[in-house]
Amino acid sequence: MRAQIPTIFAVSSGTAPAAIGVIRISGSRAGDVLRELAGRDFTPRRASLGSLRTPSGELLDKALILSFPGPASATGEDCAELHCHGGRAVLKAVCDALGAIDGLRPAEEGEFTRRAFANGRMDLAEAEGLADLLEAETELQRAAAVANANGLLSSKVEIWRDAVLRLSAQIEAALDFSDEDDVDELPDGFTWNIEELARELGDFLESPRSEKLKEGFRVVLAGPPNSGKSTLFNALTDSEAAITSPIAGTTRDVIERAIAIKGVPFMLIDTAGLRDSGTDEIEVVGIERARGQFAKADIVLWLGPYGEGPQGSWEVAARLDATDFKQKEFSTHRVSAITGEGVPELKQSLVEVARQSMPKPGEAALNARQFARLSEAQGALLGAKEHGDLLLIGEELRSARLAFDRLIGRATTEEMLDALFGRFCIGK
């Protein structure tokens, strides 16, 4: 049955041209491919120089060749890697030769990783961590993704699952050996153990989520027209993304820009100047959209008169360089986006606050799917604590185990797997 699974191949080293182009091969025919293209077997897990040729003997390239017999390979199958010269024509010629071999086909998006999951080389949480790692653009994103990809979350889940199994065993023993008149008696220490486990899960559920790493810490710049919002927005983003002008109402719509400051992801939002009435219908819509951003913001930088901004906003005294600069009664920061005065201090304050809402480097972080499954497990444990009937307690514990199994992929659906592995590039 296994021999009927196609052997797959793909360039996995990124867009050509490059110094080196790596072609990955995975499947039962990986060893046959090396013999057909290079004419010999290769010592497992040792890089060797070989000549790749067509069936007619035409030289395709000289490459470093590695063989990884399964199951001790990245995918759990027999694997091989061809480290070729990274020109487009070279890679195309080698891939064309691979495609002409019987039983081989090009890999689909994420197919190597999906096979690794199917063959038990990684679980679902680790695969999600790997997907996040491939998409990481900031240091915090990278650190959190590495933790999950290396199994930090999975190891926690396994510990919790084992604890639930022990609790289930206690219930089963009580059901098996209790007298009929005494069937509802809980084992010694059971209530304390289940409460402690539910509390531990609750503490983890309250920790910062991974979505904040992807979306970025939302910072909204707000204030009346000509308060310096767009100029400060450009200074914080080191760009000219927002048009600046002394004409009131220049910014008509919400402008968003994703940036990283000291490895921390941010989403900065410039908004239309706020005033009681706009000069035209478009400005009115812009003002409404600006106010709508306040509820989504993690921090609002208020550049208007003191006390008139949204509750909890930072009072920023902007345009420090302007001849008509007016000091606020109180300001969190005083800045000039033109001269740069106060901007580094503002950035540092934003970084310090944003870090508090994000997973710390090296910590496991839950995404929305994982959070939902862990919440289900905690809910089942809390339900078990409230029951007095051993049969109902056992059912709640079974539900908790199932939630853990779904989290790490022991029980899942094809649709969910398609969505996950579709995030990967071809060759991964």
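Okay, residues lined up against (1) of a type outside the set (Ser, Thr, Tyr); (2) open to solvent by 80 Å² or more (accessible area, probe 1.4 Å); (3) in contact with a Ser or Thr (Cβ under 7 Å, 6 or more places away or on another chain):
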| site | (1), (2), (3) |
| --- | --- |
| 268 | yes, no, yes |
| 285 | yes, no, no |
| 297 | yes, no, no |
| 349 | no, no, no |
| 353 | yes, no, no |
| 357 | no, no, no |
| 361 | yes, yes, no |
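Remark: residue 315 matches the filter, which requires a residue to be at pLDDT 85 or above, open to solvent by less than 60 Å² (accessible area, probe 1.4 Å) and not β-branched (Val, Ile, Thr).
Could we say that residue 94 is farther than 22 Å from residue 130 by Cβ, in contact with a Cys (Cβ under 9 Å, 6 or more places away or on another chain) and of a type in the set (A, V, I, L, M) here? Considered against the rule, which asks whether it is farther than 22 Å from residue 130 by Cβ, in contact with a Cys (Cβ under 9 Å, 6 or more places away or on another chain) and of a type in the set (A, V, I, L, M), residue 94 comes out as yes. Within the stretch 364-415, being open to solvent by less than 10 Å² (accessible area, probe 1.4 Å) and free of Cβ contacts under 8 Å to residues at least 24 places away in the same chain holds for one residue alone: 380.
Within the stretch 235-260, being open to solvent by 10 Å² or more (accessible area, probe 1.4 Å) and modelled with pLDDT of 75 or more holds for 235, 237, 238, 254, 255, 256, 257, 258, 259, 260. With respect to residue 51, is the statement that it is touching a Ser or Thr at 6+ places or on another chain (Cβ under 6 Å) and polar (S, T, N, Q) true? Criteria not met by residue 51.
Within the stretch 33-72, if we keep just the residues that are under 39 Å from the mean Cα position of the chain (by Cα) and among the polar types (S, T, N, Q), the residue that is most open to solvent (accessible area, probe 1.4 Å) turns out to be 43.
When the stretch 416-428 is limited to residues that are surrounded by fewer than 17 Cβ atoms within 10 Å (Cβ to Cβ) and assigned to a helix (DSSP H, G or I), the one that is modelled with the highest pLDDT turns out to be 418.
Do we have residue 213 as touching a residue at least 60 places away in the same chain (Cβ under 8 Å), in contact with a helix residue (DSSP H, G or I) (Cβ under 7 Å, 6 or more places away or on another chain) and not in a loop (DSSP other than H, G, I, E, B) here? It is true that residue 213 is touching a residue at least 60 places away in the same chain (Cβ under 8 Å), in contact with a helix residue (DSSP H, G or I) (Cβ under 7 Å, 6 or more places away or on another chain) and not in a loop (DSSP other than H, G, I, E, B).
Within the span defined as the stretch 261-275, one or more residues are over 27 Å from residue 308 (Cα atoms), at pLDDT 55 or above and of a type in the set (A, V, I, L, M, F, W, C). From the list 363, 396, 376, 315, the one residue that fits, being over 25 Å from residue 163 (Cβ atoms) and not aliphatic (A, V, I, L, M), is 315. Scanning the stretch 22-65 for residues that are free of Cβ contacts under 8 Å to residues at least 60 places away in the same chain and among the hydrophobic types (A, V, I, L, M, F, W, C) yields 30, 34, 38, 42, 47, 49, 52, 59, 60, 63, 64, 65.
Scan the stretch 12-21 for residues that are in contact (Cβ under 8 Å) with a residue 60 or more places away in the chain and open to solvent by 40 Å² or more (accessible area, probe 1.4 Å) and the total you get is 6.
Conditions tested, residue by residue: (1) closer than 26 Å to residue 208 by Cβ; (2) among the hydroxyl-bearing types (Ser, Thr, Tyr); (3) free of Cβ contacts under 8 Å to residues at least 60 places away in the same chain.
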residue	(1), (2), (3)
93	no, no, yes
96	no, no, yes
101	no, no, no
133	yes, no, yes
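Scanning the stretch 68-89 for residues that are small (Gly, Ala, Ser) and either over 16 Å from residue 11 (Cα atoms) or without any contact (Cβ under 8 Å) to a residue 24 or more places away in the chain (or both) returns 70, 72, 73, 76, 89.
Take the stretch 205-215 and flag every residue that is of a type in the set (A, V, I, L, M, F, W, C) and surrounded by fewer than 19 Cβ atoms within 10 Å (Cβ to Cβ). Hit for the stretch 205-215 is 205, nothing else. Looking at the structure I just gave you, is residue 222 surrounded by 15 or more Cβ atoms within 10 Å (Cβ to Cβ), at pLDDT 90 or above, within 21 Å of residue 351 (Cα to Cα) and out of contact with any strand residue (DSSP E or B) (no Cβ under 7 Å at 6 or more places or on another chain)? Judged against the criteria, residue 222 is not a match. Could you list all residues from the stretch 73-84 that are surrounded by 22 or more Cβ atoms within 10 Å (Cβ to Cβ) and within 20 Å of residue 52 (Cα to Cα)? Result: 78, 79, 80, 82, 84.
The values are calculated or read from the model by the stated rules, or taken from the named source; none is laboratory data. Worth saying up front: this structure is predicted, and the values here are computed from it rather than measured. Here Cβ is always computed from backbone atoms with ideal geometry, including for glycine, and neighbour counts include all displayed protein chains. Accessible surface areas use protein heavy atoms only, side chains included; no ligands, DNA or RNA. Shrake-Rupley method; radii C 1.70, N 1.55, O 1.52, S 1.80 Å.
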